[in-house]
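Notes follow once the structure below has been shown.
The values are calculated or read from the model by the stated rules, or taken from the named source; none is laboratory data. The structure displayed is predicted, hence computed values, not measured ones. Positions of Cβ are generated from backbone atoms using ideal geometry, with glycine treated the same way; all protein chains shown enter the neighbour counts.
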Number of protein chains: 2
Amino acid sequence: MEIKALVFKDKQLKLTERPQPVPGEDEVLIQVKLAGICNTDLEIMDGYLGFEGIPGHEFVGRVIYDPEAEFTGQRVVGSINISCYECFTCNQGLSNHCLNMRALGIRNKDGAFAEYLTLPRENIYPLPEVVTDKMAVFIEPMAAAVEIPEKVHLRPTDEVVVLGDGKLGLLTAQVFWAMGFDVKVIGKHQEKLQIVKKLGIETFLPGELNRMVDVVVECTGSQSGVETALKIVRPEGKIVLKTTTVEKPSLDLSQVAVNEIKIIGSRCGPFAPTLRLLERHKFPLEEMIDSIFPLERGLAAFTRAKEKGVLKVLLEIS
Amino acid sequence: MEIKALVFKDKQLKLTERPQPVPGEDEVLIQVKLAGICNTDLEIMDGYLGFEGIPGHEFVGRVIYDPEAEFTGQRVVGSINISCYECFTCNQGLSNHCLNMRALGIRNKDGAFAEYLTLPRENIYPLPEVVTDKMAVFIEPMAAAVEIPEKVHLRPTDEVVVLGDGKLGLLTAQVFWAMGFDVKVIGKHQEKLQIVKKLGIETFLPGELNRMVDVVVECTGSQSGVETALKIVRPEGKIVLKTTTVEKPSLDLSQVAVNEIKIIGSRCGPFAPTLRLLERHKFPLEEMIDSIFPLERGLAAFTRAKEKGVLKVLLEIS
């Protein structure tokens, strides 16, 4: 059977037909309902990681086939990293940093911008009814926000500033808000800041916050973000790095040493606690959706997603 | 002016009249609206800390006089510890462990079971309208729950068990629930467990949970609680100690050493993040109220609070 898919090959994204993927051992087959375009997908179009195939890693879908039958028919999301469990880091218990890591729609694994995808059973999380498709499609990037308190001890009395009002910045602010933290956001776009302002979160335009805080989470997506973070983090404070850029910014590491700053890298996060937060609290996720395109108009969706300052663009697939 | 107060003196609690307290330098005068009876108050009746005077440290009231006028007329809560800022620990930045600590209704400071009380300005927290009096009276014990993530790095992926379904156990479970944690409660009273069960929290009767978890919070109020905690904490796991008992339980410290367990003591907590949680989420606090007595019937209130298994008993004062 042929399925419709967006395929990136020879530096070009095309809507084309592909054979339906065949689940490997311990894998499920999922019919994709809704998928989100992430900045990483845009970077892939620019050659990031040299990926060729079907991109897309933020999705919600329905399990069509499960060898164990447990998930069959269920509405699910899936975590994107697939570890080998055989390499050095996997043997050290660091399977999140598997040396042979495959990642849905990012590295050696076809992704979610297609009618069907496959994923290992262990990556699958069934959705409670209260979590709608439009909420569920945010779980993957939201989990990246939950990874911050997973890796860094954030104290309820810490003053935390999120740098950047892009998708990850806004999601991080929402997660921290739900957890009760004293979170503020610095961003350039009043209309985006408005989304978290409605929750009671204080927001600032660049340069407006002129004092030191305990923790800065760098989500600007820009290479100059760390420098801004260094300007407002207190001595012995923490900077959490979320931004990945192709460029290598030059950095005042002496200041890091002298002021005894901790810089902590952080990437993908855990789905289970993210789902719990979504079940327990209301988040203004739908306000973060810019537009929804059918898969057939996938190229137009990418064009829209590439426009400056655009929030989440979704693909409705089935 | 004379005010009505419950006074503990010569091992007896009496309803009596006292001169209206005079605020010290930098202190406000508060008219108490509602106050809660805590287990510590019951322990004071048994001679705990040798306190004599007006007990009571959980309260909500209105500021009648503020030397700076800022809080005048405002509905407030107040943190209970008053540090000297001169002793060794205060000078080390550990004013929460002041060697000359006074504590509202507990140590060298008359408390809340009276029509008026005084507190330093720095202890005062104005209440947003959304936080009702009946919610606000829980802020002090709830802050003790917030103190746990303040002192211990709880990871969103940790499995956390709260031991005990008393007031502090149930409040801790609610705070952890709001923060998105995977929290379970072990308790003896189905009707109390029901309060947190409704939030979707899994509960167990003693002996029902037979596997190891990452973190155990000991809130049983009983000297045997730590032993139970040691039975279910995993190697390299954490036990947070909330219980204080006059008895000194004997403890298998070899197991602590061999299994590399961390035991972490934790006491009073920060009000500001607790208030944020109360503003942002709904908690079933009113279900934790057993009964409300007028101040005049304070002795009956204490009798009720002393009964086994009773939840929060409140005094309505003005």
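What are the residues in segment B:112-141 that are assigned to a helix (DSSP H, G or I), of a type in the set (Asp, Glu) and under 24 Å from B:His281 (Cβ atoms), if any?
Selection gives B:Asp133, B:Glu140.
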Handout entry: Those residues of segment B:224-259 which are part of a loop (DSSP other than H, G, I, E, B) and closer than 19 Å to B:Ala144 by Cα, in sequence order
Key = B:Lys242, B:Thr243, B:Thr244, B:Thr245
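Would it be correct to say that A:Gly237 is in contact with a strand residue (DSSP E or B) (Cβ under 6 Å, 6 or more places away or on another chain), closer than 30 Å to A:Phe59 by Cα and of a type outside the set (Val, Ile, Thr)? So that I can check it myself, show each step before the final result.
Details: in contact with a strand residue (DSSP E or B) (Cβ under 6 Å, 6 or more places away or on another chain): yes; closer than 30 Å to A:Phe59 by Cα: no; of a type outside the set (Val, Ile, Thr): yes.
It is false that A:Gly237 is in contact with a strand residue (DSSP E or B) (Cβ under 6 Å, 6 or more places away or on another chain), closer than 30 Å to A:Phe59 by Cα and of a type outside the set (Val, Ile, Thr).
One line per residue, one yes/no per condition, for (1) charged (D, E, K, R); (2) crowded, with 18+ Cβ neighbours inside 10 Å; (3) not in a helix (DSSP H, G or I):
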residue	(1), (2), (3)
B:Ala143	no, yes, no
B:Glu147	yes, yes, no
B:His153	no, no, yes
B:Leu168	no, yes, no
B:Trp177	no, yes, no
B:Lys184	yes, yes, yes
B:Glu191	yes, no, no
B:Leu199	no, no, yes
B:Gly207	no, no, yes
Practice task
Sort out which residues of segment A:14-32 are surrounded by fewer than 20 Cβ atoms within 10 Å (Cβ to Cβ) and in contact with a helix residue (DSSP H, G or I) (Cβ under 7 Å, 6 or more places away or on another chain), and write them in order of number.
Solution key: A:Leu15, A:Asp26
Exercise for the section: Please specify each residue of segment A:71-99 satisfying the condition of being out of contact with any helix residue (DSSP H, G or I) (no Cβ under 8 Å at 6 or more places or on another chain) and either aliphatic (A, V, I, L, M) or part of a loop (DSSP other than H, G, I, E, B) (or both). Expected result: A:Thr72, A:Gly73, A:Gln74, A:Val76, A:Glu86, A:Cys87, A:Gln92, A:Gly93, A:Leu94
Exercise for the section: Could you grab me the full set of residues in segment B:260-303 that are in a loop (DSSP other than H, G, I, E, B) and either at pLDDT 95 or above or within 14 Å of chain A (Cβ to nearest Cβ) (or both)? Expected result: B:Glu260, B:Ile261, B:Ser266, B:Cys268, B:Gly269, B:Pro270, B:His281, B:Lys282, B:Phe283, B:Pro284, B:Leu285
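Go through segment A:304-318 residue by residue and tally those that are polar (S, T, N, Q) and either outside any loop (DSSP other than H, G, I, E, B) or within 15 Å of A:Pro55 (Cα to Cα) (or both).
0
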Problem - Close pairs from segment A:189-218: first assigned by TED's automatic domain parsing to the domain that holds A:Val160, partner at pLDDT below 95 and among the small types (Gly, Ala, Ser), Cβ under 7 Å, at least 6 apart - result: A:His189/A:Gly309; A:Glu218/A:Gly225
Handout entry: Output for segment A:276-302, where each listed residue is touching a strand residue (DSSP E or B) at 6+ places or on another chain (Cβ under 6 Å) and over 30 Å from A:Glu17 (Cα atoms)
Key = A:Met288
Problem - Of all residues in segment A:235-247 being in contact (Cβ under 8 Å) with a residue 24 or more places away in the chain and farther than 24 Å from B:Met179 by Cβ, the one that is nearest to the other protein chains (Cβ to nearest Cβ) - result: A:Glu236
Practice task
Could you check A:Lys198 against (1) at pLDDT below 95; (2) closer than 19 Å to A:Asp165 by Cα; (3) among the basic types (Lys, Arg) and say which number it fails?
Solution key: (1)
Handout entry: Among the candidates A:Gly164, A:Gly225, A:Gly180, residue that is out of contact with any Asp or Glu (no Cβ under 8 Å at 6 or more places or on another chain) and either within 14 Å of chain B (Cβ to nearest Cβ) or not polar (S, T, N, Q) (or both)
Key = A:Gly180
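Just name the residue that is nearest to A:Thr172 (Cα to Cα) out of those in segment A:235-249 that are at pLDDT 95 or above, of a type outside the set (A, V, I, L, M) and surrounded by 17 or more Cβ atoms within 10 Å (Cβ to Cβ).
Taking segment A:235-249 and keeping what is at pLDDT 95 or above, we get A:235-241.
The next check asks that each one be of a type outside the set (A, V, I, L, M); those that pass are A:235-238.
This time we only want the ones that are surrounded by 17 or more Cβ atoms within 10 Å (Cβ to Cβ), so: A:237-238.
On the way: A:Gly237: 18, A:Lys238: 16 Å.
Out of the qualifying residues, it is A:Lys238.
State yes or no: is B:Lys109 assigned to a helix (DSSP H, G or I), surrounded by 17 or more Cβ atoms within 10 Å (Cβ to Cβ), assigned by TED's automatic domain parsing to the domain that holds B:Ala35 and not hydrophobic (A, V, I, L, M, F, W, C)?
Numbers: assigned to a helix (DSSP H, G or I): no; surrounded by 17 or more Cβ atoms within 10 Å (Cβ to Cβ): yes; assigned by TED's automatic domain parsing to the domain that holds B:Ala35: yes; not hydrophobic (A, V, I, L, M, F, W, C): yes.
No.
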